1. In this structure, does Ser83 turn out to be more than 19 Å from Glu152 (Cβ to Cβ) and not in a helix (DSSP H, G or I)?
2. When you go through (1) closer than 20 Å to Gln141 by Cβ; (2) open to solvent by less than 10 Å² (accessible area, probe 1.4 Å) one by one for Thr109, which number turns out not to apply?
3. Among the hydrophobic types (A, V, I, L, M, F, W, C) and over 11 Å from the mean Cα position of the chain (by Cα): does that describe Ala93?
4. As an exercise: evaluate Thr117 against (1) modelled with pLDDT of 85 or more; (2) β-branched (Val, Ile, Thr); (3) over 17 Å from Gly48 (Cβ atoms) and give the number of the one condition it does not meet.
5. Just name the residue that is modelled with the highest pLDDT out of those in region 9-41 that are within 16 Å of Gly77 (Cβ to Cβ) and in a loop (DSSP other than H, G, I, E, B).
6. Has region 89-105 got at least one residue that is on the phi < 0 side of the Ramachandran plot, part of a helix (DSSP H, G or I) and at pLDDT below 90?
7. Residue pairs, Cβ under 6 Å, 6 or more apart or interchain, first in region 153-169 and touching a residue at least 24 places away in the same chain (Cβ under 8 Å), second among the small types (Gly, Ala, Ser) and surrounded by 13 or more Cβ atoms within 10 Å (Cβ to Cβ). List them.
8. Looking at Gly85, Gly61, can you tell me which residue is in contact (Cβ under 8 Å) with a residue 12 or more places away in the chain, open to solvent by less than 60 Å² (accessible area, probe 1.4 Å) and out of contact with any Leu (no Cβ under 9 Å at 6 or more places or on another chain)?
Amino acid sequence: MSDADAAPIAEERAVPHVVVMGVSGSGKTTIGALIADELGVPFVDGDGLHPIENVRKMAAGTPLTDEDRWPWLQTVGERLATSGGGLVIACSALRRVYRNAILTEAPATVFVHLAGTLDVLRERMEGRSGHFMPPSLLASQLETLEPLADDEPGFVLDIARPVDELVRQAVDGVRARV
């Protein structure tokens, strides 16, 4: 096959733009990195895209306001939109309006919502170290959470499932949507 023949094939392949979403402790970073590896695209932890003021607030146990989140969500969307070869980002994306802000920047984004019970989430948060988000903010995140709706581009996975099963389901779901 000549280079001229290969170009249209490469252009026809859709690149995945994925947000692995959910509350703190749902496994966004772990599952997101594994999904990215399976898809052969880079992974970015959205926590690293927060302005330092947001990190300081959360580390102090203060929930973020919408005003705090807008610049961060715009950055998440811009990273997806400019990724070129696809990207997976871990980002809480707790409310539909937040997901819409990301979609404004990157309309082809697929959301993978990692959902779990309060007990499972609390246990995971208490078992990790070195994260700026204290378990005390879990309740405020759950109050804020608007689960992914049927008309949104994405799907929900139960975090009680084994990790390898979650990754397989996520990769299959993303591939079916891009």
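The values are calculated or read from the model by the stated rules, or taken from the named source; none is laboratory data. Keep in mind it's a predicted model, so treat the numbers as computed, not measured. We place every Cβ from the backbone using ideal geometry, glycine too, and count neighbours over all the protein chains shown. Accessible surface is based on the protein model in full, side chains and every heavy atom, while ligands, DNA and RNA are left aside. Shrake-Rupley method; radii C 1.70, N 1.55, O 1.52, S 1.80 Å.
1. Answer is yes for this residue.
2. (1)
3. no
4. Only one criterion in (1) modelled with pLDDT of 85 or more; (2) β-branched (Val, Ile, Thr); (3) over 17 Å from Gly48 (Cβ atoms) is unmet by Thr117, namely (1).
5. My answer is Pro16.
6. no
7. Going by the 6 Å Cβ cut-off, the qualifying pairs are Phe155/Gly173; Val156/Ala115; Ile159/Ser26; Ile159/Gly27; Ile159/Gly116.
8. On the way: Gly61 fails: out of contact with any Leu (no Cβ under 9 Å at 6 or more places or on another chain).
Testing whether each residue is in contact (Cβ under 8 Å) with a residue 12 or more places away in the chain, open to solvent by less than 60 Å² (accessible area, probe 1.4 Å) and out of contact with any Leu (no Cβ under 9 Å at 6 or more places or on another chain) leaves just Gly85.
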